[in-house]
1. Test each condition in (1) part of a strand (DSSP E or B); (2) more than 28 Å from the chain's Cα centre (by Cα) for Arg59 and report the one that comes out false.
2. What are the residues in segment 4-20 that are of a type outside the set (A, V, I, L, M) and open to solvent by less than 60 Å² (accessible area, probe 1.4 Å), if any?
3. Go through segment 56-86 and give me each residue that's open to solvent by 80 Å² or more (accessible area, probe 1.4 Å), hydrophobic (A, V, I, L, M, F, W, C) and under 21 Å from Leu12 (Cα atoms).
4. In segment 27-55, what residues are surrounded by 14 or more Cβ atoms within 10 Å (Cβ to Cβ) and among the β-branched types (Val, Ile, Thr)?
Amino acid sequence: QMKQQCDQKLLLKMKTRCVPCLSNLETQCLPGYTKITNGTGIPDCRYYLETKTHTLSFRGCRHHCTKELAQPECCQGHWGPDCMGK
């Protein structure tokens, strides 16, 4: 019995919301995602505060998160409902 299903691994990436860096220590990724950044995260974004007259922009931090998914696919030379994953 040859294996007909050869799952492809997919790496999903996401970034958390941009917040003040000190507030970012406690930030968690979405359920199922793994945080790949430490501490206050990466200062690569800006967040905004609105006052009555202005919108102020500040440098903020966010975390990067990943999640691995297996995408069901047929092995080469196979087809059919057993390995389509649809």
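The values are calculated or read from the model by the stated rules, or taken from the named source; none is laboratory data. All of these numbers come straight from a predicted model, not from anything done at the bench. Here the Cβ is made from the backbone with ideal geometry for all residues, glycine too, and neighbour counts use every protein chain on show. Remember, those area values only see protein heavy atoms, side chains included, never the ligands or the DNA or RNA. Shrake-Rupley method; radii C 1.70, N 1.55, O 1.52, S 1.80 Å.
1. With (1) part of a strand (DSSP E or B); (2) more than 28 Å from the chain's Cα centre (by Cα) applied to Arg59, the lone miss is (2).
2. Gln4, Cys6, Thr16, Cys18, Pro20
3. Residue satisfying the conditions is Met84 alone.
4. Hits for segment 27-55 are Thr27, Thr37, Thr40, Ile42.
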